[in-house]
1. Starting from residues that are free of Cβ contacts under 8 Å to residues at least 40 places away in the same chain and of a type in the set (D, E, K, R), keep the ones in segment 333-389 and report whichever is nearest to residue 201 (Cα to Cα).
2. As an exercise: evaluate residue 403 against (1) in a loop (DSSP other than H, G, I, E, B); (2) in contact (Cβ under 8 Å) with a residue 60 or more places away in the chain and give the number of the one condition it does not meet.
3. Of the residues 405, 365, which is closer than 18 Å to residue 301 by Cβ and surrounded by fewer than 16 Cβ atoms within 10 Å (Cβ to Cβ)?
4. Taking segment 431-444 on its own, how many of its residues are part of a loop (DSSP other than H, G, I, E, B) and surrounded by fewer than 12 Cβ atoms within 10 Å (Cβ to Cβ)?
5. Output the residues belonging to segment 408-423 that are at pLDDT 95 or above and loosely packed, with under 14 Cβ neighbours inside 10 Å.
6. From the list 362, 343, which residue is modelled with pLDDT of 95 or more and either under 24 Å from residue 150 (Cα atoms) or not in a loop (DSSP other than H, G, I, E, B) (or both)?
7. Within segment 2-100, considering only strands (runs of 3 or more DSSP E) that don't extend past its boundaries, which have at least 1 residues that are within 21 Å of the chain's Cα centre (by Cα) and not aliphatic (A, V, I, L, M)?
8. Restricting the search to segment 82-126, which residues are among the hydroxyl-bearing types (Ser, Thr, Tyr), within 23 Å of residue 190 (Cα to Cα) and surrounded by fewer than 17 Cβ atoms within 10 Å (Cβ to Cβ)?
Amino acid sequence: MPSNANLLDQIDHFVVLMLENRSFDHMLGFLYTDQGNRSPSGQPFEGLTGTESNPDGNGGKVSVFRIDTTKPGAYFMPGANPGEGYAPTNNQLFGTRTPATPAPVPTNDGFVADFAAAIQQRIQQKQPVYAGTTADDIMGCFTPEGLPVLSGLARGFAVCDHWYSSVPTETLPNRAFACAGTSQGHMDDHTHTFTCPSIFGLLDSHKIDWAIYGYHAQPLTRGNFPDMANVDARHFGQFIDFKNAAANGTLPGFAFLEPAWASTGNSQHPNYDVALGEQLIHDVYQALRSGPGWAKTLLVVTYDEHGGCYDHVPPPTGATPPDDAVGEFGFDFTRFGVRVPTVLVSPLIAPGTVFRVPDGSVPLDHTSLLKTVQQRWNLPPLTARDKAAPGFGDVLTLSRPRDDDPLAGVVVPTSVGVNPAAGEVSHLDQVHAELVERSLIPPV
């Protein structure tokens, strides 16, 4: 149990908003650069210095740069969907799609080269690419001024600078780890359903209320796990239902929020509109903060995977395989995925917190969501992975809830320029439609 179990016991509502396909450096790397990568309280922060670079393939280097969000197209950066999945991630980390086993220490030097290949592939496949996009754009990272909502919450509450996706691949395996502690060996998005128990079934069996909210449709997660099949429909809703529950004081113990998956939606998947995701994060926070349950709420804003966006920190090894499932592509589940942005929000968190586990410990990853919920209600683990994972209850250090608002006066940004992907049917919208067709999700 965490050292501050009594404070964790004060949380009655865990709310998780999981967005799409952005790396830590890409979204929050410049958070404290101008303060020498230390928070106002003096805590070290593993952010960007501005000198990080990648080979350009021609004997030169491409340095990280600050995205100028006053320019058209800035919120559609990096301009094209980077390479995602197991092989492209290997290429970004090791410079090869097929690293040795065991893998060497990642250099993280392959992002520019892999993005160059991804751009060409997108063009050949007639997929949307923002005009003028080049391989160098993968080194663009947002500033705190460009993402005032996410950055404001990260500075005003807690940012996790060593939180990793669970596996070095794409969306659905990582979301499976977040909800079930395993992907059952699957390492790509070709598998849309799993046969394992989930955190939702575990909560149900212990009579702890939970809900999954889609944005303006029934949630995709509803169709992913077998323990969703025969539960009461009240466990599923849309964003308006979440807002009503927050306002009415009827939020469940655990709520999992999905964005709108469409290419014109607010998921922040590259190369969709990042500003719309800022609005979503703002709306989730304000709904919780203005509700009667705020003092007993812990919001987690995170991203399922890095989606090919640049990060300079090598993902660690030492991950615990969740089960005996044979990994696709020969993967043994002992490597974590790339760092992703994660922000923890609660009035019981001190401002300016940089939260990480001690050096040498098992790092935070998506199964830490499961572990913390399990610690709160004394639940058993789902797999060996979440059993080994650390929780994040120690982020709660204040005995009395704060009443200040770090987002007071913050203006949510809006994008300038034409969304290059506006006419595209997103991959997850396609998955959602398939699960509806299979009667795993109701059509409305």
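The values are calculated or read from the model by the stated rules, or taken from the named source; none is laboratory data. Here the structure is a predicted model, which means the values were calculated and not measured. Every residue, glycine as well, gets a Cβ built from its backbone with ideal geometry; the counts of neighbours run over all protein chains shown.
1. Ranking the candidates gives 371 first.
2. (2)
3. Values: 365 fails: surrounded by fewer than 16 Cβ atoms within 10 Å (Cβ to Cβ).
Just a single option satisfies the conditions, and that option is 405.
4. Initially, segment 431-444 is screened for residues part of a loop (DSSP other than H, G, I, E, B), giving 438-444.
The next check asks that each one be surrounded by fewer than 12 Cβ atoms within 10 Å (Cβ to Cβ); those that pass are 438-439, 443-444.
Residues in segment 431-444 being part of a loop (DSSP other than H, G, I, E, B) and surrounded by fewer than 12 Cβ atoms within 10 Å (Cβ to Cβ): 4 in total.
5. Passing the criteria: 408, 409, 411, 414.
6. Of the residues listed, the single one that is modelled with pLDDT of 95 or more and either under 24 Å from residue 150 (Cα atoms) or not in a loop (DSSP other than H, G, I, E, B) (or both) is 343.
7. Qualifying strands (runs of 3 or more DSSP E): 13-19.
8. Residues satisfying the conditions are 96, 98.
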